[in-house]
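Working notes, structure below.
The values are calculated or read from the model by the stated rules, or taken from the named source; none is laboratory data. Everything numeric in this text was worked out from a predicted model, so none of it was measured. All Cβ positions, glycine included, derive from the backbone under ideal geometry; neighbour counts span all protein chains shown.
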Amino acid sequence: MKLSFRFCGICSAIGAFFFAVQTARADLKLPSLISDHMVLQQAQCNLIWGWDIPGTKITVAFAGRSYSTTAGGDGKWSVKLASLAANATPQSLTVIGSTKHEIQDVLVGEVWLCSGQSNMQMGIGQIQNGVKEIAAANFPNIRLLMVPNLSNLEPQPDQAGEWKVCAPENIAQGGWNGFSAAGYFFGLELHRKLNVPVGLIDATWGGTPIQPWMSLEALKAYPGYAALLERRKLEVAAWPAREKQLEADIKAWEITAAKAEALHQAVPPKPWNPGPPDSGQYMPAQLYNAMIHPLLNFRIRGALWYQGEANAGEGLSGAKDYTDLQSRLIADWRRNWGQSEFPFFFVQLPNWKNGDDGSHMSWAFFREGQANVLKLPNTGMAVTIDIGDPEDIHPKNKQEVGRRLALLALKNVYHQNVFCQGPQYWKDRSKGTELKIYFHHTDGGLIARSGELKGFEIADAHRQWHPADARIVGDAIFVRSKEVPQPVAARYDWANNPDGNLYNGAGLPAMPFRTDD
């Protein structure tokens with residue numbers, strides 16, 4: 001672990017040295033975010049910033065107005081543009097200092113950050129109908145920026161991603177076979193419904209837990225920080241033996257896969273080698289430093305978050321811990337962006353068998369931990385319990401994930417008349433041998449899709465759980481079981497891979513819940 005930290009420290013020092021040399025030599029430098037094809041956030045005072053020779057006068061011209069400032073003693077400078085309305089007409093932004101830079105094809109519209117681990121990173125080329133979706137992804141007023149996968153011990157001033165026009169040849173490049181599919185379909189829905197330019201920033205890295213995406217300041221205030229560091233030390237010590245076993249597992253898989261292909265049978269998933277646990281993408285704050293911190297001056301409307309698989313699996317205590325961690329991440333990002341309580345929408349983990357979990361419900365508790373984050377203002381959660389893949393932790397229906405995230409934004413940010421949530425548990429009442437369960441968000445009525453209502457269980461006073469018969473009566477559900485003459489609690493879709501089929505009339509699935517917490 002010390003070697004890894006030392007190496008990262010050397011990389012950080014070298015990077016800082018070359019950045020300082022480049023800045024001192026000449027000259028006007030703009031961050032990579034401020035590039036041709038960018039989208040500026042409408043109805044906000046956007047920052048334009050950069051570096052130049054100390055004392056140099058800087059002039060920025062955009063949309064018929066001019067702004068001036070002077071580079072400070074450290075070479076840094078910034079100006080704040082006046083608030084602008086959405087504009088799909090390409091404009092140029094000129095910056096004059098010791099040299100002149102002209103940024104072309106600038107639009108004004110809605111800008112969203114898309115972040116998290118592999119299910120947000122999963123590119124459009126990996127999803128269902130991916131080839132067809134790539135061919136159709138020709139939207140000049142949608143702009144894409146992919147932040148390179150880098151980690152660092154220190155907060156970085158810049159990253160290397162630049163804006164590109166949404167076109168087949170651009171959306172299929174980089175990352176895990178292209179731009180974030182969930183992010184793209186979110187942006188596409190906004191673009192179609194709002195008829196304004198949309199800018200999407202993809203800052204994702206597969207397999208990463210939440211802690212590397214938080215600032216060191218936020219993590220040091222987290223009660224579990226010391227335990228996290230100790231756990232990393234233990235994981236590093238155990239890594240050589242684990243790596244050896246993974247190599248053996250992969251060799252065995254190769255034999256099995258070859259046999260399956262020869263027999264035209266399904267090939268089982270390949271064992272994943274995550275790499276050393278002290279790699280930068282697993283270490284506290286290092287993704288925040290390299291992939292989030294460089295974005296903080298850029299104005300955004302809000303953030304999308306699809307992450308949790310790397311933190312799930314620790315039952316109730318782990319779920320409560322994640323509620324705390326995600327709440328801290330949201331507060332951390334909002335504070336450091338300086339944009340008050342900007343919208344933060346996230347994806348609840350979908351259904352998945354999770355064959356390593358003997359309880360078959362670790363993800364149920366984790367989903368509850370995610371849902372508890374909704375207590376924070378200006379947050380929303382897309383429920384995906386019905387569109388996962390029992391056999392694959394990376395389900396391919398990212399079109400619907402993006403659409404459900406977009407519904408949250410259209411309703412809560414843009415105030416459109418749409419339904420954005422499925423049925424959500426409100427309260428229950430004892431009715432003799434039955435429980436009557438009431439719901440919020442029953443828009444269009446409660447519906448059992450594809451047959452009789454499934455997914456409900458009830459328990460007696462000793463918390464012995466049994467499958468329940470359930471029926472819809474108006475906007476409520478009655479549940480009962482001959483095994484439980486006096487039910488005291490109920491739960492719905494409380495499993496890693498449940499089979500519930502409760503929806504509302506808007507076609508959105510019910511959020512999993514339990515009443516015995």
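The table for this structure:
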{"item": "Residue selected from the stretch 335-344 under the condition out of contact with any Ser or Thr (no Cβ under 7 Å at 6 or more places or on another chain) and of a type outside the set (Ser, Thr, Tyr), by the criterion surrounded by the fewest Cβ atoms within 10 Å (Cβ to Cβ)", "result": "Gly338"}
{"item": "Candidates Ala312, Ala266 - the one that is in contact with a Ser or Thr (Cβ under 7 Å, 6 or more places away or on another chain) and either among the hydrophobic types (A, V, I, L, M, F, W, C) or closer than 27 Å to Ser35 by Cα (or both)", "result": "Ala312"}
{"item": "Matching strands (runs of 3 or more DSSP E) fully within the stretch 30-139 where at least 1 residues are at pLDDT 95 or above and polar (S, T, N, Q)", "result": "39-41, 57-62, 65-70, 76-80, 87-96, 100-116"}
{"item": "Of residues in the stretch 102-130 being more than 14 Å from Val401 (Cβ to Cβ) and among the aliphatic types (A, V, I, L, M), the one nearest to the chain's Cα centre (by Cα)", "result": "Leu113"}
{"item": "Long-range neighbours under 9 Å by Cβ, at least six apart or interchain, first residue on the phi > 0 side of the Ramachandran plot within the stretch 205-234, second part of a helix (DSSP H, G or I) and polar (S, T, N, Q)", "result": "Gly207/Ser118; Gly207/Gln281"}
{"item": "Single condition Ala82 does not satisfy, out of (1) more than 22 Å from the chain's Cα centre (by Cα); (2) under 20 Å from Glu162 (Cα atoms)", "result": "(2)"}
{"item": "Residues of the stretch 466-484 satisfying the condition of being over 10 Å from Leu435 (Cα atoms) and either of a type in the set (Lys, Arg) or modelled with pLDDT under 95 (or both)", "result": "Arg471, Gly474, Asp475, Lys482"}
{"item": "Where Arg231 falls short, out of the listed (1) assigned to a helix (DSSP H, G or I); (2) touching a Leu at 6+ places or on another chain (Cβ under 9 Å)", "result": "(2)"}
{"item": "Leading residue by the ranking (modelled with the highest pLDDT) among those in the stretch 1-29 that are in a loop (DSSP other than H, G, I, E, B) and either surrounded by 17 or more Cβ atoms within 10 Å (Cβ to Cβ) or of a type in the set (D, E, K, R) (or both)", "result": "Leu28"}
